[in-house]
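**Student:** Before I ask anything, here is the structure I am working with.
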Amino acid sequence: MTVRAVGAVLAVVVALGLVACGGSDDAERPRGTGSATTCLSPYDAGVSEHSVTVDGKRRTYLVAAPDERVLKGTLPVVYLFHGLGSTAADVIDYTGLAALADERKFLLVAPAAKGKDREWDVTGIAKGKGQDATFIDDVAREVGSQDCVDDDRQFAVGLSNGSGVSIALACQGPSYLKAYAGVATTFYSSACDGSPPASIIYFHGTGDEVVPFEGGKTPAFDVRAVPDVLADWADHDGCAADPTLKQIGKDVERSTWRDCDDQARLEAYVVDGGGHTWPDAAVPYPTLGKTTRTIDAATLILGFFGITKG
């Protein structure tokens with residue numbers, strides 16, 4: 001993440017807080033093989049750039065692929081969305097997920113927002129409308145059509161504005177995505193009520209000055225308190241109202257909701273004094289506040305997705 005990107009993250013805008021949700025249909029999405037026992041990876045090892053055309057304009061995305069080209073089994077896919085003012089390359093480096101893509105054998109796909117501010121249209125994505133929604137769907141269609149991509153293990157994760165994207169995708173209705181993760185921005189709208197129960201893992205710091213944990217007014221927008229939004233998701237998922245709490249180290253509390261409908265899972269980590277940061281980020285940014293080392297968000301997210309070593 002560049003210094004300019006860090007500064008831009010601090011200028012998070014209204015789109016993070018004003019998400020409405022709708023539906024989308026992935027019935028025509030091409031599918032990968034999903035059943036091969038030995039596969040040739042469809043992408044070169046390391047990080048490579050690819051593109052699709054949306055409304056006549058070239059849109060890019062990065063793919064981080066395992067070093068091995070010949071693989072035992074198919075590849076899960078994790079779609080990673082960057083924050084406002086950041087880039088796909090920034091968020092790949094910052095989260096440390098690229099190294100884990102090689103270690104745990106999955107494809108990490110990081111689409112890039114467009115424009116000077118590199119801001120995602122979260123509201124449009126939630127409704128399944130607009131250029132960003134089309135772009136994300138086209139990327140998923142392109143990646144999902146490759147041989148050796150696992151149809152049943154595709155997931156979304158994001159940071160800040162990108163976290164809004166990830167959770168907005170959970171509001172679109174039946175989806176190729178099986179679970180969602182977010183760091184430092186969440187939301188719930190009554191428009192999400194018609195979507196199926198969604199499995200979500202979420203992280204937020206109580207010292208976040210960009211998207212305040214307790215909600216309230218900011219220079220850019222009003223936000224709701226994180227516990228209130230999580231309670232809405234618990235109700236949406238049909239979970240027992242009161243989560244099970246567990247203290248982890250000195251500064252992290254985990255909440256786990258039980259008995260959710262359709263085997264949905266809801267889990268949240270609250271970092272005491274944590275800033276607008278990714279827990280155990282590869283590179284700390286003090287201007288964004290405290291970065292906890294008590295937990296590793298990347299490892300916890302992949303575990304939640306069922307993407308493990310070996």
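Derivation of every value follows stated rules applied to the coordinates shown; laboratory data play no part. Quick caveat, the model's predicted, so the values are computed rather than measured. With ideal geometry, Cβ positions are generated from the backbone for all residues, glycine too; neighbour counts draw on all protein chains shown.
**Student:** Given the rule -39500 (n - 2.57) for each run of at least 4 DSSP H residues, summed and divided by the residues of the chain, what is its mean residue ellipticity at 222 nm, to the nearest 500 deg cm²/dmol?
**Tutor:** -6500 deg cm²/dmol
**Student:** How big is the Cα convex hull of the stretch 69-121 in projection, averaged over all directions, in nm²? Could you put the intermediate results ahead of the total?
**Tutor:** Values: hull surface 16.6 nm².
Taking the Cα atoms of the stretch 69-121, their convex hull projects to 4.2 nm² on average.
**Student:** Given the pairs Lys217/Lys246; Lys178/Lys250; Lys105/Lys250; Lys246/Lys309, which span a C-alpha to C-alpha distance of over 27 angstrom in this model? Display every interim value, and only then the final one.
**Tutor:** Working: Lys217/Lys246 30 Å; Lys178/Lys250 32 Å; Lys105/Lys250 33 Å; Lys246/Lys309 25 Å.
Over 27 Å apart, Cα to Cα: Lys217/Lys246; Lys178/Lys250; Lys105/Lys250.
**Student:** Then there is this: Determine, for each peptide in 67-79, 173-185, 193-205, the mean count of other beta carbons within 10 angstrom over its residues, then list the peptides with the highest first. Write down the numbers at each step before the final one.
**Tutor:** Numbers: 67-79: 17.8, 173-185: 23.1, 193-205: 21.5.
Averaged packing, sorted descending, gives the order 173-185, 193-205, 67-79.
**Student:** Computed over the Cα atoms, what is the radius of gyration of the stretch 89-203 divided by 2.2 N^0.38 Å, N being its residue count? Before the final figure, lay out the partial values.
**Tutor:** Working: Rg = 13.8 Å, N = 115, 2.2 N^0.38 = 13.4 Å.
With N residues counted in the stretch 89-203, Rg over 2.2 N^0.38 Å equals 1.03.
**Student:** Further question: Ordered by packing density, taken as the mean number of other Cβ atoms within 10 Å over each peptide's residues, highest first, how do 160-172, 45-57, 81-93, 132-144 rank? Intermediate values should be presented prior to the final figure.
**Tutor:** Numbers: 160-172: 29.6, 45-57: 13.0, 81-93: 24.8, 132-144: 21.2.
Taking the mean over residues of other Cβ atoms within 10 Å, the ranking is 160-172, 81-93, 132-144, 45-57.
**Student:** Kindly identify the stretch 37-107 as rounded, prolate or oblate by the Cα gyration tensor criterion: order the square roots of the eigenvalues as a ≥ b ≥ c, call it rounded if a/c is under 1.5, otherwise compare a/b with b/c, prolate if a/b is larger, else oblate. Intermediate values should be presented prior to the final figure.
**Tutor:** Details: a/c = 2.62, a/b = 1.45, b/c = 1.80.
Verdict is oblate for the stretch 37-107.
**Student:** Which lysines does Lys57 reach when only Cα atoms under 21 Å apart count, and residues fewer than 8 places away in its own chain are ignored?
**Tutor:** Cα-Cα hits under 21 Å: Lys114, Lys116, Lys129.
**Student:** With the contact rule set at Cα under 8 Å and sequence spacing of 6 or more, what percent relative contact order holds for the stretch 3-305?
**Tutor:** Numbers: 761 pairs, mean separation 57.1, N = 303.
Once divided by the residue count of the stretch 3-305, the mean separation gives 19 percent.
**Student:** Report the semi-axes of the equivalent ellipsoid for the chain in whole Å, largest first, where each axis is √(5λ) for an eigenvalue λ of the Cα gyration tensor. If you can, show how the numbers build up before the last one.
**Tutor:** Working: eigenvalues 147, 90, 84 Å².
The three semi-axes for the chain are 27, 21, 21 Å.
**Student:** The stretch 137-201 to the stretch 235-310: how many Å between their Cα centroids?
**Tutor:** That distance is 17 Å.
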